[in-house]
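As structure tokens, the structure follows; a few thoughts come after it.
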Amino acid sequence: MATGEPAFRVVCGRRGGQVHSWFLAATLAVGALLAMAPGLARSAVGQEATPGTGPREVILATTTSTQDSGLLDVLVPLFHERTGYDLKPIAVGSGAALELGERGEADVVLAHSPAAEEAFVAAGFAGERRTVMANDFVLVGPKADPAGTSGAASAAEAMAAIAGAEVPFVSRGDESGTHALELRLWEESGIAPGGSWYTESGTGMGDTLNIADDRDAYTLADRGTFLSLRDRLDLEILVEGDRALLNLYHVLTVNPANGPAVNVEGGRAFLGFLLDPATQEIIGGFGLDRFGEALFTPCADDACVVPAVTPAPPPATPAA
Amino acid sequence: MDELWRGLGEAGRLLASGDGEVWGIVVRSLLISLAATAVSLGLGVPVGAGLALARFRGRAPMVGLVHAGMGLPPVGVGLLVSLLLWRSGPLGGLGLLYTPAAMVLAQAIIATPIVAGLTLAAVQGLDPRLRLQLQALGASRAQTVGWLLREARLPLLAAVIAGFGAVISEVGAAIMVGGNIRGETRVLTTATVLEVGRGNFEVAIALTAVLLALTFGVTLALTLLQQQRRS
């Protein structure tokens, strides 16, 4: 032993320089970890000027269209500026957004799936539910319109024409607000969709539009996402303006009883921020520069529903 | 195909213009993946070396587990880490969900079996007489393991490359536990998914080009290091 050990060390020492440089990569990686530590600490703890006394991080579970359209990129920094809260938007379908709220994994929910939202409120999962903004859904499809939907008197009738002609239709199939509306329209038209012409994409609105475009298929889209993609698509708006296609976005605060760490104050602050006249004005102007038309109509407390664009009674529950 | 070329042009333009957001995404991707790779090395190398050198009951199933783990589906790992980190989950009190730390954790879980498996193969690939000789020279157990790992450094570098490559290109877990939050957890892969959804294919292609360049750059650096040792 005593004679063996020094020999071993000599060998080690001779090649030590090379061996150490081998660990360059590992050292780099550890350095990266350290460099990130302040950021991690900040995001996990948060000790800057806090609004009120609660945590300054607010998790928003939202429908994808608010992120895909770019609206959140405008609202998130503004919300921080106005209130000091850090908003963390998690973009999922409306169904999943409500599910996150139900579990208390989010503090506030932005959704556009009225029936599901009403069920959410009825079950006591929400603190407050208010209308924020609106746009509308459009039925889009190939220019040639093989099912002849553009002559239909209503959206449901157009859907029936698609099913009747068995031309391809792409469904979101993801329990999003758009999917919920689609299912409602099928129900209204008395059709249980299925068969080789009916595809469920299981993806967001943008991807679904791309798939529909690729397959010369019809699909239902919110106008905002369609406008943002229109230049790249051969699809056209074929049916619009039906009252059933009104798309109302609601903000719902989460009942603190839903989970262990719901940031009630933060959720309320975001609700207040969205309904604030200054924010409403920004929402109303969003998209004008990029698309030549606004993507959303500000609609705090259903203010936008009353104007007689479509002759219908002012609804408390618009599309039930 | 026009879009591809325009996308590549866009990539050059975005980087050259010093676009803060894009550079932020690039740096964030690199830091998160390097940190995850570092963690996976810390765990995977000892596990791999241990499995290669030790003989104990249950070793074979453990080796099988490591090998199976080399193909862990990232979305599955993302879901598991989400369940752990949810506010209502066992680690919810840490408040880590939707932070870079959560992404490092998920990616480290993905990379650790890869590193362990390749370490195992690397150490097992050594001449068994080397170990005997080291012991004959009076090396302690720790010295033996250390020396064997040094001997296996070339294939070990391949383990680093494979681990890093797996995590920087991964999107399923990153989007699930990170949430793709702008300025915080948005990395190259998740930003690409978002831009495709938005129909900004050129930006998406640009981000992918940057990701490829980054992966290639890091891999090349490690490979040069590896091959230099050979000569």
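The values are calculated or read from the model by the stated rules, or taken from the named source; none is laboratory data. Every value quoted in this text rests on a predicted model; they were computed, and no experiment measured them. Cβ: placed from backbone, ideal geometry, glycine included. Neighbour counts: every protein chain shown. Only protein heavy atoms, including side chains, enter the accessible area calculation; ligands, DNA and RNA are left aside. Shrake-Rupley method; radii C 1.70, N 1.55, O 1.52, S 1.80 Å.
Here are some notes:
- Two-site FRET efficiency, residue B:150 against residue B:60, from Cβ-Cβ distance with R₀ of 22 Å, rounded to 0.05: 0.25
- Summarising the label geometry, the points placed 7 Å from Cα in the beta-carbon direction at residue B:4 and residue A:188 lie 4.4 nm from one another.
- Comparing B:128, B:100, B:46 in a Gaussian network model of chain B where C-alpha atoms under 10 Å apart are linked, the largest mean-square fluctuation is found at B:128.
- Per residue, in Å², the accessible surface of chain B once ligands and nucleic acids are set aside, probe 1.4 Å: 44 Å²
- Peptide B:32-42 is shielded by partner chain Cβ atoms: per residue, an average of 5 of them sit within 10 Å of its Cβ.
- Compared with the dominant Cα axis of chain B, that is its longest principal axis, helix B:74-85 is turned about 90°.
- Between residue A:74 and residue A:291, the contour length at 0.36 nm per residue exceeds the Cα-Cα span by 76.6 nm.
- Cα centroid separation, region A:178-210 to region A:107-139: 20 Å.
- Euclidean distance between Cα centres, region B:170-231 to region B:88-147, Å: 24 Å
- Pairwise centroid distance, computed over Cα atoms, of region A:234-254 with region B:1-74, Å: 41 Å
- Separation in nanometres of the label points that stand 7 Å from Cα toward Cβ, at residue B:83 and residue B:221: 3.7 nm
- Nonlocal amide H pairs with residue A:127, under 5 Å, H built at 1.01 Å: A:253, A:254, A:255
- For region A:136-245, the share of alpha carbon pairs falling in successive 10 Å distance bins from zero is 16, 56, 27, 0 percent.
- Residue-wise HN-Hα coupling along region A:81-98, computed from phi with Karplus coefficients 6.51, -1.76, 1.60 (Hz; x: Gly, Pro): 4, 6, 10, x, 7, 9, 8, 10, x, 10, 8, 9, x, 4, x, 5, 4, 5
- In nm, spacing of pseudo-spin labels at residue A:123 and residue B:136 (7 Å Cα→C-beta vector): 7.2 nm
- Debye log10 I(q)/I(0) at q = 0.07, 0.08, 0.09 Å⁻¹ for the protein assembly as shown, Cα point scatterers: -0.50, -0.62, -0.76
- Residues of region B:95-128 that bury at least 50 Å² of accessible area once all protein chains are present, compared with their chain alone (1.4 Å probe, heavy atoms only, ligands and nucleic acids left out), are B:98.
- Helix B:20-53 vs. chain B, principal-axis angle (Cα, 0 to 90°, nearest 10): 20 degrees
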